Amino acid sequence: MTVAKSDEVVEEGAASVTPSDQRERDRMRRRLARRRGGGWWPYAFLAPWFIGLFGLTIYPMLDSLYLSFTDFDLLTPAQWVGVDNYDKMFTEDPVFWDSVHATLLYVVVSVPLKLALALAVAMLLNRDLRGIGLYRAAFYLPSLLGGAVAIAIVWRQVFGGDGLFNDFLAWFGIEGQDWISSPDTAIYTLILLAVWQFGTPMVIFLAGLKQLPKDVYEAAAIDGVTPVTRFFRITLPLLTPIVFFNVVLQIIDAFKTFTPAFVISNGSGGPLNSTMLYSLYLYKKGFTDLQMGYASALAWVLFLVIAGFTAVNFIASRYWVHYDD
């Protein structure tokens, strides 16, 4: 009986709502929904980012992908050639393989050395000493200057036949050589320059060291654990997420290295293509030989290689990176 009465009240209330009232309620609901969703204002503020994303990133990438299947010299319309650029790259271009060899050697040697030095210096600077901020700034300075053209020119002079490095060796009775002009040593001058720019991963390591729990170290000290054991059993496992982050960033950065190789070799990649890093070869094909289609194919191969290395790092991280959980 009570349920029947309540149903009648609901029906009477619904019948008393006029069409104009219903339209006003619908208008209010739409207005509230717009207020909750922010309306079009968020999209207006995001518009510059979307324009940059599609106009400066996605569209150029898609255009480059198309050009990689064409013969294009910037002066005449692009001619579709299919996979000829990729076939030529892997089967008919020995300089391509020279650049791959030089780049892989550069990445495999420079990245571990840079990260090891960065971690060592970060641990030395992770102390409460007077003037420690000045030391941190001094060690970070090479990373600000290392990518500059001026530093690459200085580096070329230091390791030249009459450079400061040979003068240093002469103090010990060692006869030097022109390290830049030798195909056996030229690439290692680039590696040394890369290792010298350890400031960025050092700062990241230092930030990670600041977050490590001190009570764990206090307990280890009470138990008489040696510093070497503390490093390998406590510091390094707790720091593996930071190590992983630095590894990924430094590998990507090493694959893209261009300025030092260009300046030190005068843009030739010599001697005997020993400093022909991949980015330098890509630049030469695109802007010296005007083979933009071939350069686009080189760029996409580099993109896939970097993506592959990054994916492998993420997969392997499951077995050696330790998080809080």
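Among the numbered conditions (1) in a helix (DSSP H, G or I); (2) open to solvent by less than 40 Å² (accessible area, probe 1.4 Å), tell me where residue 270 comes up short.
Going through (1) in a helix (DSSP H, G or I); (2) open to solvent by less than 40 Å² (accessible area, probe 1.4 Å) one by one, residue 270 breaks only (1).
The rows are residues; the columns are (1) among the hydrophobic types (A, V, I, L, M, F, W, C); (2) farther than 19 Å from residue 274 by Cβ.
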position: 145; (1), (2): yes, yes
position: 162; (1), (2): no, yes
position: 174; (1), (2): yes, yes
position: 185; (1), (2): no, no
position: 191; (1), (2): yes, no
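State which residue is farthest from residue 90 (Cα to Cα) when the search covers only the range 279-296 and only residues that are part of a helix (DSSP H, G or I) and in contact with an Asp or Glu (Cβ under 9 Å, 6 or more places away or on another chain).
So, considering only residues that are part of a helix (DSSP H, G or I) and in contact with an Asp or Glu (Cβ under 9 Å, 6 or more places away or on another chain), the one farthest from residue 90 (Cα to Cα) is 292.
Residues checked against (1) in contact (Cβ under 8 Å) with a residue 24 or more places away in the chain; (2) among the β-branched types (Val, Ile, Thr):
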residue: 156; (1), (2): yes, no
residue: 193; (1), (2): yes, no
residue: 218; (1), (2): no, no
residue: 225; (1), (2): no, yes
residue: 241; (1), (2): yes, no
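Condition check: open to solvent by less than 20 Å² (accessible area, probe 1.4 Å), of a type in the set (Gly, Ala, Ser) and either in contact with a Phe, Trp or Tyr (Cβ under 7 Å, 6 or more places away or on another chain) or not in a helix (DSSP H, G or I) (or both). Does residue 208 satisfy that?
no
Quick check: is even one residue across the range 141-157 open to solvent by 80 Å² or more (accessible area, probe 1.4 Å) and over 31 Å from the mean Cα position of the chain (by Cα)?
no
Could you say which residue among 93, 98 is without any contact (Cβ under 8 Å) to a residue 60 or more places away in the chain, within 30 Å of residue 289 (Cα to Cα) and crowded, with 16+ Cβ neighbours inside 10 Å?
93
So which of 236, 249 ends up being surrounded by fewer than 18 Cβ atoms within 10 Å (Cβ to Cβ), at pLDDT 95 or above and in a helix (DSSP H, G or I)?
The unique qualifying residue is 249.
Go through 163, 131 for me and flag whichever is free of Cβ contacts under 8 Å to residues at least 40 places away in the same chain and in contact with an Asp or Glu (Cβ under 9 Å, 6 or more places away or on another chain).
163
Identify the single condition in (1) farther than 20 Å from residue 198 by Cβ; (2) surrounded by fewer than 18 Cβ atoms within 10 Å (Cβ to Cβ); (3) at pLDDT 95 or above that residue 318 does not satisfy, given that it satisfies every other one.
(3)
Might you check whether a residue that is closer than 22 Å to residue 281 by Cα, open to solvent by 50 Å² or more (accessible area, probe 1.4 Å), at pLDDT 95 or above and not polar (S, T, N, Q) occurs anywhere in the range 113-126?
Taking every residue of the range 113-126 in turn, none turns out to be closer than 22 Å to residue 281 by Cα, open to solvent by 50 Å² or more (accessible area, probe 1.4 Å), at pLDDT 95 or above and not polar (S, T, N, Q).
I'd like the residue in the range 174-205 that is part of a loop (DSSP other than H, G, I, E, B) and among the hydroxyl-bearing types (Ser, Thr, Tyr) and, out of all such residues, is nearest to residue 110 (Cα to Cα).
185
The values are calculated or read from the model by the stated rules, or taken from the named source; none is laboratory data. It should be emphasised that the depicted structure is a prediction, and the values quoted were computed from it without experimental measurement. For neighbour counting, all protein chains shown are included, and Cβ atoms are generated from backbone atoms with ideal geometry for every residue, glycine included. Areas reflect the complete protein model, heavy atoms only, side chains present, ligands, DNA and RNA absent. Shrake-Rupley method; radii C 1.70, N 1.55, O 1.52, S 1.80 Å.
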